[in-house]
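Here the structure comes first, spelled out in C-alpha cells, and everything after it is commentary.
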Amino acid sequence: MSEAPRPAAIATHGLTKVYGDRAAVSNVDISVPQGVIAGFVGPNGSGKTTTIRMLLGLVAPTSGSAEVLGESISSPPAYLPRVGALIEGPAFYPSLSGTANLRVLTALGGFPKKRIPEIIETVGLTGRERDKVSAYSMGMKQRLGVGAALLADPSLLILDEPGNGLDPPGIIEMRDLLRRLRDEGRTVFVSSHLLAEVEQVADWLVVLKLGKVLYCGEAAGLPRRTSTTYALRPENDADVEALLRVATAWGDNATVAADGAVLVNAAAGGGAAINRAAQDAGITLSELHARVVTLEETFLSMIEDD
Amino acid sequence: MFRSFMSEWVKLRRRAVLAAGASMSGLAVLLTYMGMYQAVNPGRPPRAVAIARLGLESSYGLASALARGGLLIVAISLILVAAVSATEYSQGTIRVALANAPGRLRWLTGKFLAVVSFTFIATTLAFGLAVVAGIAAASARDISTQSWFSDTGITSLAQVFGDTLIAEVAWSAFGLFCAIIVRSAGPAIGIALAYSLIVENLVAEIFPDTGAWLFGRLTFAVVSGNGVVPAPNIGSTYERSLTLMMIYTVVLLGASAMLFAKRDVTS
C-alpha cells in the first residue's frame, strides 16, 4: 500500500513578482510537504528572498497565489502565528541585549516569557544573553535570529541563509538543530547558497534560477549528472602513460593530475569496467575511486544547462 | 494592538530614547528658569526673548514661561517618532516585527500609541520639573508667585499643558508619515524639520494668505495656550487652528496607515 501524500506546508501556484519591467519571481509553482527539511537553493538574484517575503506577507505578489500551512498568503495573520522566520539575515535592536530583543518579540507575538531561557540555551547563547546585540559576532546574531524564529514554537520554520557567519562547529550544531526540528514534526524551509550544507540535511529540494523553478521534489530524486570522475593510480609509476591511453580510449577528458593520478570522466557505475580495461592492458591499479557528484556540481550543471 | 504597544515599550527603554525624553525635561527646566531669570523689571526697555516681570507675576506667569518650551517639546516628539519608526526600516527589524505581528495596522497603531504615551509621560515629567524650577527661580529673583496658583493660573497652566500634548500627537503623526515615506531615520527627521523650519516660512513669505492653513503655524497658535502667551497673528482663531490641526492629524495618520498597509516591505 502506498503512503498517502503528506499535506503541503507551502504551495505556490504561478507566483510572480514584477518590479518595473524585471520579473524577480516568475510563475513559480512549488510544493513543500509537511515534516521535511526543504532546501531552497539558487544563485544570487534567483528570487529566493522575494519568494520568502511573499510567503511571509511582506511583499504582495503581482500575480499567482500561494498557501502556507493551508492558508492563503493574502491573509498572513491566519498562518503567521504558526510560522517562525529568519529573513535575509538577523535584524535586532543593537542597543538591547539578546534577552531584551527576544522579550520584544515575545510581547509582540504573545508567546510565554519562559520560552526565552529555553531558546537561549537551544541556540547556544547561554552566558551572553545579557550582552548588547551590538557586541555579538555575526554568528551569535545568526543564532539569536534562529532563536527568535523558534519563539513561536512554529509548525513551519522559514530560514534564509541560517548558516551565514557560523563557524564549522556552529554549522554542525545548526545542522543537528534543523534535523531535530524536523524530527519533532516541524517543516523547515531553508534557503542557502551553502549547497553542501543543504545536501547534508535536505529531504526536499527546490532549485530556482532567475526567478524560475528548475527542480522541486525529493532531494534523492534530483537528476544527478550522469558523468562521474574516476581517479586511477597505477601500482607502478611507469604505467601512468599507458594508463592514460587506456583511460582516453575508455572515457572523456582523461588527464594526469599533479599527484600522478589519472582522472577520467565516464558513465556512473563504470568502475569495474575500467579496472578490467586496465588489467587487459597489463596495468595493476593500486587505487580506483569514483568521486560522488555533489549537489553543488549537479546544481551548477543544472543552471549552466538551463 | 495591545501586544504591539507592550512590545514597543520594551524598545523604548533604550538609552537614546530615554535621553530624548530627558532632553524634554532639560529644555523645559532651562527655558522656564531662563524666563524667570531674564524677567524685565518695570521701566526697563523690553527685550525680544524676555517676559516682563509684571507678566510673570500675573496668573498666566508660570504658564507663559512653560509655553516657551512647548514648541521645543513638540519638536522633540516629532524627532523621536520619526526616528523610532524609520529605524525599523533601516535596521531591518520591521520584517521581523511584521513576521510576528498579528496585522500591519494593529502593529503600527500599537507602536504609535506606545511612542506617543512615552512622549506624554516625558512631557508630564518635563512640566512638573519646570514648575519646580520656575518656583525656585522666581523665589531667587523675588518674583511673586501668589497668582500662579489661583483658579485662573491653574487653568492657564492646564491649558498650556493640554495644548502641548495635543500638538505632540499632531507632530508625532507628521513624524510617522515622514518615516513611512522615506524609510530612513536621518532623511525622515531632516524632511520633517526642513518643512517646519524652512518650507513653511518660505510659503508664508511668498503667499501670506496661506499662513492660516499651514500645519506648523497652526501648531504655534495652538501651543500658545489660547492666548496665554502671545503668538504671531496667522489669521486663525485658537478654535479654528485646533480643529484644522486635528483634521491634518487624521489625514496624516490615515495616509500613513494606507501606505504602510499596502506597500511592500523590502528593507
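Rundown of residues vs (1) more than 8 Å from every other protein chain (Cβ to nearest Cβ); (2) free of Cβ contacts under 8 Å to residues at least 60 places away in the same chain, yes/no style:
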| residue | (1), (2) |
| --- | --- |
| A:Arg22 | yes, yes |
| A:Ser31 | yes, no |
| A:Gln34 | yes, no |
| A:Ile37 | yes, no |
| A:Gly42 | yes, no |
| A:Arg53 | no, yes |
| A:Leu56 | no, no |
| A:Arg82 | yes, no |
| A:Ala85 | no, no |
So, first residue at positive phi in region A:158-179, second residue at pLDDT 85 or above and open to solvent by 50 Å² or more (accessible area, probe 1.4 Å), Cβ within less than 9 Å, six or more apart or across chains; the pairs are A:Gly165/A:Ser137; A:Gly165/A:Lys141
Tell me, please, whether a residue that is within 14 Å of another protein chain (Cβ to nearest Cβ), farther than 20 Å from B:Arg14 by Cα and either without any contact (Cβ under 8 Å) to a residue 24 or more places away in the chain or open to solvent by less than 10 Å² (accessible area, probe 1.4 Å) (or both) can be found in region A:126-142.
yes
Show me the helices (runs of 4 or more DSSP H) entirely contained within region B:30-105 in which 1 or more residues are modelled with pLDDT under 85 and in contact with a Gly (Cβ under 6 Å, 6 or more places away or on another chain).
B:61-90, B:93-100
For region B:191-217, which residues satisfy the criterion of being closer than 20 Å to B:Cys178 by Cα and of a type in the set (Gly, Ala, Ser)?
B:Ala192, B:Ala194, B:Ser196, B:Gly216
If only one of B:Gly110, B:Gly153 is at pLDDT below 90 and of a type outside the set (Val, Ile, Thr), which one is it?
B:Gly153
State which residue is surrounded by the fewest Cβ atoms within 10 Å (Cβ to Cβ) when the search covers only region A:175-207 and only residues that are in contact with a Lys or Arg (Cβ under 8 Å, 6 or more places away or on another chain) and at pLDDT below 85.
A:Gln200
Only one of (1) at pLDDT 90 or above; (2) of a type in the set (Val, Ile, Thr); (3) in a strand (DSSP E or B); (4) surrounded by 22 or more Cβ atoms within 10 Å (Cβ to Cβ) does not apply to A:Val25, and that is (1)
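Can you tell me which residues in region A:58-80 are among the hydrophobic types (A, V, I, L, M, F, W, C) and away from chain B (no Cβ under 11 Å)? Steps first, answer last, please.
Residues of region A:58-80 among the hydrophobic types (A, V, I, L, M, F, W, C): A:58-60, A:66, A:68-69, A:73, A:78, A:80.
Correct list: A:Ala66, A:Val68, A:Leu69, A:Ile73.
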Check off (1) under 22 Å from A:Gly145 (Cα atoms); (2) crowded, with 18+ Cβ neighbours inside 10 Å; (3) within 12 Å of chain B (Cβ to nearest Cβ) for A:Gly89 and give me the number that stays unchecked.
(2)
Check A:Val293 against each of (1) surrounded by fewer than 11 Cβ atoms within 10 Å (Cβ to Cβ); (2) at pLDDT below 85 and name the one condition it does not meet.
(1)
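Can you tell me how many residues in region A:106-117 are surrounded by 14 or more Cβ atoms within 10 Å (Cβ to Cβ) and either at pLDDT below 90 or of a type outside the set (Val, Ile, Thr) (or both)?
Going through region A:106-117 one residue at a time, the tally reaches 6.
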Read through the list (1) out of contact with any strand residue (DSSP E or B) (no Cβ under 7 Å at 6 or more places or on another chain); (2) modelled with pLDDT of 85 or more; (3) surrounded by fewer than 19 Cβ atoms within 10 Å (Cβ to Cβ), then give the number of the only condition that A:Val246 fails.
(3)
Only one residue in B:Thr93, B:Thr87, B:Thr109 is closer than 25 Å to B:Gly162 by Cβ, within 14 Å of chain A (Cβ to nearest Cβ) and surrounded by fewer than 24 Cβ atoms within 10 Å (Cβ to Cβ), so which one is that?
B:Thr109
Looking at B:Thr119, is it within 20 Å of the chain's Cα centre (by Cα), free of Cβ contacts under 8 Å to residues at least 60 places away in the same chain and more than 12 Å from chain A (Cβ to nearest Cβ)?
no
B:Leu259 passes all but one of (1) open to solvent by 40 Å² or more (accessible area, probe 1.4 Å); (2) more than 14 Å from every other protein chain (Cβ to nearest Cβ); (3) modelled with pLDDT of 90 or more; which number fails?
(2)
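Only one of A:Leu222, A:Leu205, A:Leu232 is in contact (Cβ under 8 Å) with a residue 40 or more places away in the chain and within 9 Å of the chain's Cα centre (by Cα); which?
A:Leu205
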Test B:Ala204 against the stated conditions and say whether it is more than 21 Å from B:Gly35 (Cα to Cα), aliphatic (A, V, I, L, M) and surrounded by 20 or more Cβ atoms within 10 Å (Cβ to Cβ).
no
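The values are calculated or read from the model by the stated rules, or taken from the named source; none is laboratory data. Since the structure is predicted, the reported quantities are computational estimates derived from the model, not experimental observations. FYI the Cβ positions are ideal-geometry reconstructions off the backbone, even for glycines, and counts take in every protein chain you see. Accessible surface areas use protein heavy atoms only, side chains included; no ligands, DNA or RNA. Shrake-Rupley method; radii C 1.70, N 1.55, O 1.52, S 1.80 Å.
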